[in-house]
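What follows draws every value from the coordinates through simple rules; no lab data is involved. The structure presented is a predicted model; accordingly, all values stated were derived computationally and were not measured. Cβ coordinates were reconstructed from backbone atoms using ideal geometry, including for glycine residues, and neighbour counts include every protein chain displayed.
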Amino acid sequence: MEKSKISLHVQRFTSTNKVMMLHGFTGTYESMQELSELLPYDCATPDLIGHGRSPCPTNHFPYRIKEIIKQLDGVAEEYLCKPFNIIGYSMGARIALSYAADRQDSLQSVVLIGGTAGIENDQDRHLRAVHDSGIAAKIEDHGLEHFVNFWEKRPIFASQRLLSLEKQEKIRRIRLRHQTCGLANHLRLAGTGMMDSLWQKLQDIEVPILLIAGQKDQKYVEIAESMVSELPNAEINIVVGAGHAVHYEKPEETAEIISQFLRKTRTS
């Protein structure tokens with residue numbers, strides 16, 4: 001298997017088991033830290049390419065999904081024992097599902113928080129890619145703060161405005177610590193519009209999968225319900241009172257749901 005030349009920055013929390021945890025777009029390992037510390041498992045949490053302390057190359061090639069999967073192979077080889085569990089949020093959930101489609105023999109289970117199998121319709125996927133490319137250009141043209149101001153006002157994050165001011169400020173600080181080229185390139189090459197649709201592959205993913213969505217995040221509730229009907233070994237949990245970032249809005253409840261699922265998959 002060809003190895004990636006990109007080495008991701010990894011934050012590792014020591015406890016009792018093996019989990020890889022993937023953050024969302026504009027996040028870092030810090031975005032997942034509270035959930036990591038609540039889980040009674042050992043978590044390796046990388047900053048994905050273009051994010052946080054990981055490399056932000058100007059070359060587009062390393063941002064492609066197939067290259068990101070190789071980068072995660074490097075994380076797994078150094079920090080995890082196979083089979084391991086992989087948890088992903090939003091963009092991280094898309095990447096986790098892509099990893100499962102290619103590497104399910106390496107996995108014990110998959111947890112997707114606010115995840116999707118991609119856009120099935122070719123034209124819709126192309127339009128999304130064009131839209132994402134436009135946002136990437138705005139990141140480069142107007143700078144990070146202008147983009148973050150726009151990004152945090154998106155309706156999908158509306159429920160986060162009910163969080164404590166301290167939590168809201170932490171999310172904003174994390175977003176503002178990125179480099180414009182890293183976010184722009186990630187959006188261009190690994191955004192939803194550039195991701196191959198995995199809907200036709202779901203029936204072949206036999207590893208246990210838990211789909212988590214916030215009850216206020218209706219779009220992703222419907223996506224999770226559609227996915228669970230296609231996956232052969234999956235279950236769904238809708239968290240009442242939460243929006244898209246379930247793990248950040250309801251961390252204790254999310255950790256308990258995940259812990260129960262991981263215990264079950266470990267003994268099955």
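Assorted remarks:
- The chain shape via C-alpha gyration tensor axes, a/c threshold 1.5: rounded
- Mean Kyte hydropathy of -0.5 or more with a Cα span along the axis of at least 20 Å, helices from DSSP in the chain: 65-79
- Unsatisfied cross-links (Cα-Cα over 31 Å) in the set Lys82/Lys219; Lys70/Lys264; Lys18/Lys250; Lys5/Lys216; Lys82/Lys170; Lys138/Lys170: Lys82/Lys219; Lys5/Lys216; Lys82/Lys170
- When peptides 181-192, 164-175 are ranked by their average number of other Cβ atoms within 10 Å per residue, the highest-first order is 181-192, 164-175.
- Candidates Asp122, Asp73, Asp217: whichever shows maximal mean-square fluctuation once the chain is modelled as a Gaussian network with Cα springs under 10 Å: Asp122
- In segment 167-222, Rg over Rh equals 1.08, where Rg is the alpha-carbon radius of gyration and Rh the Kirkwood radius from pairwise Cα distances.
- Most tightly packed first, judged by the mean number of other beta-carbon atoms within 10 Å of their residues, the peptides 24-33, 257-266, 204-213 read 24-33, 204-213, 257-266.
- Test item: Cα-centred dipole of segment 65-153, Lys/Arg +1 and Asp/Glu -1 on Cβ, debye: 180 debye
- Based on Cα contacts under 8 Å between residues 6+ apart, the chain shows a relative contact order of 22 percent.
- Anisotropy class of segment 204-268 from Cα gyration tensor, a/c 1.5 cut: oblate
- For segment 1-119, a simple Cβ point-charge model (Lys and Arg +1, Asp and Glu -1, everything else neutral) yields a dipole of about 280 debye relative to the Cα centre.
- Taken along the Cα-to-beta-carbon direction at a fixed 7 Å, the label points for Ile65 and Arg266 span 3.1 nm.
- Each Lys and Arg contributes +1 and each Asp and Glu -1, all at the Cβ; summed about the Cα centre of the chain, the dipole is approximately 500 debye.
- For segment 119-268: rounded, prolate or oblate by the Cα gyration tensor [a/c cutoff 1.5]: oblate
- Taking amide hydrogens as placed 1.01 Å from N in the peptide plane, the amide H of Ala234 sits under 5 Å from those of Ile209, each at least 5 positions away in sequence or on another chain.
- Think of the chain as having a plus end and a minus end, set by charges on the Cβ of Lys, Arg, Asp and Glu; of His186, Val19, Leu80, His186 sits farthest toward the positive end of this dipole.
- With the charge dipole of the chain set up from +1 on Lys and Arg Cβ and -1 on Asp and Glu Cβ about the Cα centre, the Cα lying farthest toward the positive end among the listed residues Val221, Pro46, Ile113 is that of Pro46.
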